[in-house]
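Read the structure below first, then the notes.
The values are calculated or read from the model by the stated rules, or taken from the named source; none is laboratory data. Quantities reported herein were computed from a predicted structural model and do not represent experimental measurements. Glycine gets a Cβ as well: all are built from the backbone with ideal geometry, and neighbour counts include every protein chain shown.
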Amino acid sequence: MLTMEGRRYLITGVLNSSSIAWSVSEKLQNLGCEILLTSTRSTRNMTERYAARLPIMPDIVTLDAQTREDYALIEEYIDGKWGYLDGVLHSIAYLSESALNGDFLTADSDAVTEGFLISSVSLQLLVANLYQLLARSPHGASVVALTTDTRRVLPGYGWMGVFKAALEAIGRYLAAECGRDDIRVNLVAGGPVATAAALSVNRIGSIISYYEQAAVLGWDATKADPISDAVTFLFSDLSRHISGEILHCDGGAHAVVGEVASTAGEPLRSGE
Ligand SMILES: NC(=O)c1ccc[n+]([C@@H]2O[C@H](COP(=O)([O-])OP(=O)(O)OC[C@H]3O[C@@H](n4cnc5c(N)ncnc54)[C@H](O)[C@@H]3O)[C@@H](O)[C@H]2O)c1
């Protein structure tokens with residue numbers, strides 16, 4: 001029987017209750033899993049406030065993705081607390097305002113480098129630092145990261161689109177190296193959800209409208225649930241032979257071009 005009772009996960013990226021990571025945390029706790037959250041130094045109060053709304057208040061450790069020592073301290077903490085880890089959710093993205101919504105050609109290269117380290121390289125840093133804990137999972141460990149549809153330009157994403165493409169490549173290279181220790185690495189490419197990170201993209205409204213039109217199953221950008229379900233699948237034993245995968249969770253929008261599907265509930269436009 002499928003059970004996730006007692007599984008142990010490190011969850012990054014809970015900022016508030018709109019965060020995709022918050023929805024994953026709630027789901028995992030409802031399935032009987034134990035979780036440990038990370039927060040940045042500057043957002044600690046906010047993470048604590050919203051963590052308190054989860055079914056069980058989890059411990060919170062500090063992770064500023066660009067601070068190398070934080071990774072080692074988290075490894076030490078988990079080693080003392082659990083001795084192993086069944087999985088990690090990478091749910092981190094950052095790009096300063098100038099490089100995010102500004103002109104791609106003139107984006108400040110220091111801002112780009114900082115954003116790349118925080119949004120992409122941090123996946124490799126997490127797995128590298130937690131490797132022995134993941135390898136000791138009695139169940140086979142699962143690492144999941146969150147991306148977007150990187151095959152096309154998303155208006156306003158700028159360098160974030162590039163960071164996500166890199167994150168996907170990092171996921172594949174990690175999958176190739178970690179498989180020998182029964183650690184799988186996958187990504188969920190989610191449709192848009194109205195979180196703090198998404199709302200910092202000034203053209204997010206047009207991206208949401210596009211997905212609402214294109215998603216053959218419909219898409220509701222106020223709900224992170226579909227994405228957290230997909231993450232939970234990748235954490236569960238049901239995905240035990242899946243690695244190096246990018247699982248699209250966007251109501252099917254990635255599979256079509258333009259407004260093929262119309263809105264959810266209406267018939268497809270066949271034969272027009
Ligand atoms: N919301 C969407 O439309 C959408 C769609 C697909 C993928 N994603 C991805 O999902 C992930 C989670 O984003 P979200 O939409 O839940 O937004 P969110 O704003 O709730 O989460 C982003 C998280 O990144 C963390 N973060 C930022 N800088 C950091 C740093 N230096 N060190 C450590 N953590 C840092 C923030 O504290 C926050 O918790 C991101 O990778 C995002 O790109 C989001």
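A few notes on this one:
- Positions within segment 188-230 being within 16 Å of V24 (Cα to Cα), buried (at least 21 other Cβ atoms within 10 Å of the Cβ) and among the β-branched types (V, I, T), in sequence order: V188, V193, T195, I227
- Subset of segment 187-199 [near the ligand (Cβ under 8 Å from one of its atoms), outside any helix (DSSP H, G or I) and in contact (Cβ under 8 Å) with a residue 60 or more places away in the chain]: V188, A189, G190, G191, V193, A194, T195
- Checking each residue of segment 165-182 against the condition of being assigned to a loop (DSSP other than H, G, I, E, B), within 9 Å of the ligand (Cβ to nearest atom), in contact with a strand residue (DSSP E or B) (Cβ under 9 Å, 6 or more places away or on another chain) and within 18 Å of S120 (Cα to Cα) gives no match.
- Scan of segment 138-164 for residues that are at negative phi and in contact with a strand residue (DSSP E or B) (Cβ under 8 Å, 6 or more places away or on another chain), ordered by number: A141, S142, V143, V144, A145, L146, T147, T148, D149, T150, K164
- Segment 1-55, residues that are part of a helix (DSSP H, G or I), near the ligand (Cβ under 9 Å from one of its atoms), free of Cβ contacts under 8 Å to residues at least 40 places away in the same chain and small (G, A, S): none
- Residue in segment 64-77 that is within 29 Å of E114 (Cβ to Cβ), assigned to a strand (DSSP E or B) and within 9 Å of the ligand (Cβ to nearest atom) present: no
- Within segment 141-164, considering residues that are farther than 14 Å from H90 by Cβ and among the β-branched types (V, I, T), the one farthest from the ligand (Cβ to nearest atom): V153
- For segment 80-150, the helices (runs of 4 or more DSSP H) that sit wholly inside it and include 3 or more residues that are at pLDDT 95 or above are 109-116, 122-135.
- Selection count, segment 102-121, where residues are over 21 Å from the mean Cα position of the chain (by Cα) and within 16 Å of the ligand (Cβ to nearest atom): 2
- Residues (small (G, A, S) and over 17 Å from S42 (Cβ atoms)) located in segment 53-90: A72, G80, G83, G87
- Given (1) within 23 Å of I242 (Cβ to Cβ); (2) in contact (Cβ under 8 Å) with a residue 24 or more places away in the chain; (3) basic (K, R), index of the condition K223 fails: (1)
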